[in-house]
């Protein structure tokens with residue numbers, strides 16, 4: 001008998017959890033880019049993304065960031081609190097890269113004078129368009145207080161991740177977060193934090209160590225993902241308990 005899927009997306013499958021108000025997240029090897037226009041498989045990606053996400057969620061929780069993470073269940077699966085995902089992607093940028101460089105005609109790698117928080121509407125049919133915090137409030141996607149919380153928490157997460165990656169010779173260039181509302185209305189960090197959702201460059205060489213290797217056909221995708229996992233493990237295991 002096949003297990004009931006609550007939801008299947010491009011990179012993950014959600015199943016009912018063993019405990020009240022929880023779900024299980026299974027990470028797939030399927031890879032997509034440009035809102036599904038490019039598709040493929042990255043061997044072992046699901047296992048890497050699950051383990052990187054679990055380690056980073058635990059690290060963030062230890063530093064006071066509330067997340068949906070409960071515990072890792074296996075190589076490709078984690079248990080999380082059930083949340084209602086806020087339909088906004090929260091992006092933090094430290095350098096111009098990717099779509100930001102194209103949008104504004106700025107050379108990739110140009111440092112930004114201050115960390116920038118951007119919102120995008122979570123809607124594949126519309127190609128996840130940028131949206132202002134004011135528009136998100138006007139459309140009823142989030143309250144004014146939630147928008148400010150999203151900005152504040154995204155910058156706090158960014159500072160913690162930037163420090164962690166820097167200790168392992170990786171520069172955090174930009175990243176995407178998603179948040180969800182728990183059953184009691186609390187706003188917590190959700191989804192995943194992995195080479196799929198962060199842009200990491202090797203310090204000194206600028207070598208891409210993330211999904212850009214897949215997007216841009218650079219090769220060595222699996223090796224880069226495995227290397228990120230290795231360094232995240234080294235950094236988080238070295239954290240004071």
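In table form, for the structure just shown:
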| quantity | calculated |
| --- | --- |
| Filter result for the condition that a residue is surrounded by fewer than 20 Cβ atoms within 10 Å (Cβ to Cβ) and farther than 26 Å from residue 195 by Cα, over 149, 143 | 143 |
| Some residue of the stretch 91-100 being assigned by TED's automatic domain parsing to the domain that holds residue 196, in a loop (DSSP other than H, G, I, E, B) and over 26 Å from residue 8 (Cβ atoms) | yes |
| In the stretch 68-90, the residues that are in a strand (DSSP E or B) and closer than 18 Å to residue 122 by Cβ | 80, 84, 85, 88, 89, 90 |
| Of the criteria (1) surrounded by fewer than 15 Cβ atoms within 10 Å (Cβ to Cβ); (2) assigned to a helix (DSSP H, G or I), which one residue 136 fails | (1) |
| Residues of the stretch 4-54 that turn out to be touching a strand residue (DSSP E or B) at 6+ places or on another chain (Cβ under 7 Å) and assigned to a loop (DSSP other than H, G, I, E, B), as a count | 10 |
| Which numbered condition residue 208 fails, given (1) closer than 21 Å to residue 78 by Cβ; (2) without any contact (Cβ under 8 Å) to a residue 24 or more places away in the chain; (3) crowded, with 21+ Cβ neighbours inside 10 Å | (1) |
| Which numbered condition residue 164 misses (of (1) touching a helix residue (DSSP H, G or I) at 6+ places or on another chain (Cβ under 6 Å); (2) farther than 20 Å from residue 51 by Cβ; (3) touching a residue at least 40 places away in the same chain (Cβ under 8 Å)) | (2) |
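A quick yes/no check of all residues on (1) modelled with pLDDT of 95 or more; (2) over 17 Å from the mean Cα position of the chain (by Cα):
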| residue | (1), (2) |
| --- | --- |
| 69 | yes, no |
| 83 | yes, no |
| 87 | yes, no |
| 91 | yes, no |
| 122 | yes, no |
| 127 | no, yes |
| 131 | yes, yes |
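The values are calculated or read from the model by the stated rules, or taken from the named source; none is laboratory data. Please read all numbers here as calculations on a predicted model, not as lab measurements. Backbone-built Cβ (ideal geometry, glycine too); neighbour counts: all protein chains shown.
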